[in-house]
């Protein structure tokens, strides 16, 4: 299989989203044993949109995050400017 050198890596894509992030505002936190749930809004500079995110984190007995799951509607991030 050939590699497309112009394609962005997953890390590059994630870093672009982080750099465009203006503010992250936690709305609610829940914890149940080793599971934590965060409900938060992510406000981006470019494109100027806000997305609501649910993050589920599982913390193992050593205090390290061993599972990450996120639920969000990403459509506002990818909509074309009109």
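Rule-based calculations on the coordinates, nothing more; no lab input. Computed from a prediction, not measured in an experiment: that's the story for all the values here.
Here is how the numbers come out for the structure above:
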| quantity | calculated |
| --- | --- |
| Equivalent-ellipsoid semi-axes of the chain, from the Cα gyration tensor, Å, largest first | 27, 20, 10 |
| Full-stretch length increase - residue 10, residue 57 - with 0.36 nm per residue and alpha-carbon distance subtracted | 14.9 nm |
